[in-house]
Amino acid sequence: MDISDIILPGDTPGIEWRLPVVRFQGSDPKAPKVYLQAALHAGELPGTALLHFLCERLRKADADGAIRGDITIVPHANPIGAAQSHFGDMQGRFDLGSRTNFNRDFPLISMRDHDTLMDDLDRYPAVGQLKRQLLHMALGADLVLDLHCDDESLQYAYIDDAFWPEAADLAAALDMAAVFLSDGQSSAFEEAVGHAWKHAVEGERKTHLPGHLAVTLELRGTRDVYPELAAADADGLWNFLVSRGVVSGDAREVGAFEGDALPLDNIEMIRAPQSGAVLFHRSLGDRVLEGDLLATIITHPGMENGVVEVRAPQAGLIVTRVSTRFARRRADLMKILCSEKTGANRKPGTLED
């Protein structure tokens with residue numbers, strides 16, 4: 001095992017950021033190479049906990065000579081966001097300087113330009129350097145997993161059509177409740193990786209990438225950081241690595257994925273029609289029918305007719321829910337995965353900013 005720090009110079013005097021990177025060298029050059037990172041949104045820590053437990057197993061495997069493919073791990077991918085605080089609350093989703101989501105605006109390049117990511121880094125601000133460093137490391141791998149979490153959530157994943165259904169083994173190994181099949185139209189980290197692979201050959205755009213994988217895993221909600229959950233998720237990821245030939249060792253056989261796998265166009269983004277206190281009537285994992293009452297919003301407390309109801313536009317599975325109980329008008333409340341396409345207009349790319 002090798003541990004090193006990437007130094008990111010700050011944009012003001014006296015500041016620098018350290019990005020720890022853990023590497024395990026494989027014994028078989030033909031085995032898949034893996035890149036794992038967590039907490040790109042700095043406060044999303046279930047993935048960091050998972051990687052902590054996974055590293056315990058990998059250290060033992062390394063001592064036993066059981067690591068076949070190179071593995072690169074960034075347990076906390078965003079030291080810049082981790083240091084941002086507003087009145088005691090971490091602000092790890094957006095860079096406060098540029099107001100840009102830390103998981104957007106990754107360079108969309110071809111694999112032919114992989115090494116140019118590191119050219120003349122000084123002309124980029126710290127966040128730009130961070131994104132280029134992360135993408136450069138990821139593009140040296142075959143299997144790339146970006147570990148996130150939602151607010152309140154079931155376990156689910158965003159997986160580009162180009163990797164499906166081959167990636168069903170990963171969804172099964174981590175017991176995902178659902179897979180959102182994405183369109184690869186954003187500048188998020190895993191889609192930037194996929195973009196480079198798709199455009200590896202000049203003038204061509206590949207639509208299927210066997211042997212490759214770049215996914216975003218949503219490991220439940222922000223508060224689901226417990227030793228038993230992290231250890232179980234680490235076991236699931238270990239089983240996946242064994243099944244793909246990255247490591248050798250005892251593992252539970254990865255069965256078939258039994259959850260729902262549907263396109264992003266089938267996600268109903270439930271939003272608050274008015275501002276007020278939110279009273280949820282349905283919970284994560286509930287399957288609802290069209291017209292079911294999802295939430296009541298108290299818009300005018302104490303007043304007659306001072307509430308509005310939020311109902312399901314169609315039948316589906318409640319995958320996420322917000323943890324806050326006060327909503328601004330048009331704020332997101334839930335994601336519901338449905339068998340039919342949503343009637344709402346959805347631009348290509350990500351579901352949320």
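Projected label points at ARG18 and VAL307, each 7 Å from Cα along the beta carbon direction, are separated by 5.4 nanometres. Qualifying GluC sites (Glu not before Pro) in the range 193-258, where qualification requires a DSSP coil assignment and no more than 11 other C-beta atoms within 10 Å, comprise GLU202, GLU204, GLU253, GLU258.
Positive-end ranking of VAL319, SER243, LEU293 along the dipole of the chain, with charges on Cβ about the Cα centre, is headed by LEU293. Here each label is just a point 7 Å from Cα along the line to Cβ, and for ASP11 and THR296 those points are 4.7 nm apart. Just checking the listed ones, ASP260, ASP175, ASP120: in the Gaussian network model of the chain with Cα springs under 10 Å, the one fluctuating most is ASP120.
Here the chain is assigned +1 on the Cβ of each Lys and Arg and -1 on the Cβ of each Asp and Glu. Its dipole about the Cα centre then comes out at about 560 debye.
Spread over its residues, the convex hull of the C-alpha atoms of the range 266-338 is 71 Å³ per residue. A crude spin-label estimate for the pair ARG271 and ASP2, with each label 7 Å from Cα along the Cβ direction, gives 4.8 nm.
If the viscosity is 1.567 mPa s and the temperature 4 °C, what translational diffusion coefficient in µm²/s does Stokes-Einstein give for the chain when Rh comes from Kirkwood over Cα pairs? Using the Kirkwood radius from Cα pairs, D works out to 61 µm²/s. Going from the fewest other Cβ atoms within 10 Å to the most, the residues HIS114, HIS76, HIS86 appear in the order HIS86, HIS114, HIS76. Using C-alpha pairs under 8 Å with a sequence gap of at least 6, the mean separation divided by the residue count of the range 133-235 gives a relative contact order of 44 percent. Pairs of Cα atoms nearer than 8 Å and 6+ residues apart set the relative contact order; for the chain it is 17 percent. The residues neighbouring SER243, those whose beta-carbon lies less than 9 Å from its own, together hold a net charge of -1 under the Lys/Arg +1, Asp/Glu -1 convention.
Considering the range 237-292 at the alpha-carbon level, its Rg and Dmax are found to be 19.4, 54 Å. Cβ crowding within 10 Å ranks MET1, MET176 as MET1, MET176, fewest other Cβ atoms first. Stokes-Einstein diffusion for the range 217-353 at 10 °C, viscosity 1.306 mPa s, with a Kirkwood radius from C-alpha pairs, works out to 91 µm²/s. Put a plus charge on the Cβ of each Lys and Arg, a minus charge on the Cβ of each Asp and Glu, and nothing anywhere else: the dipole of the range 15-132 about its Cα centre is then about 260 debye.
Computed on the range 239-353, with alpha-carbon pairs under 8 angstrom and 6+ residues apart, the relative contact order is 30 percent. Measuring nothing but alpha carbons in the range 1-103 and taking Rh as the Kirkwood radius, the Rg to Rh ratio lands at 1.06. Working note: 222 nm ellipticity from helices only, DSSP H runs with n ≥ 4, each -39,500 (n - 2.57), summed and divided by the residues of the chain, gives -6000 deg cm²/dmol to the nearest 500.
Of the two radii for the range 120-166, the radius of gyration is 1.09 times the Kirkwood radius, both from the alpha carbons; that is the Rg over Rh value. Of the cross-linked pairs LYS30/LYS206; LYS131/LYS341; LYS33/LYS341; LYS131/LYS198; LYS131/LYS347; LYS131/LYS206, those separated by over 31 Å at the C-alpha level are LYS131/LYS341; LYS33/LYS341.
Where a number appears in this text, it was derived from the coordinates with a stated rule and is not lab data. Because the structure is predicted, anything quoted here is derived from the model rather than measured. Every residue, glycine as well, gets a Cβ built from its backbone with ideal geometry; the counts of neighbours run over all protein chains shown.
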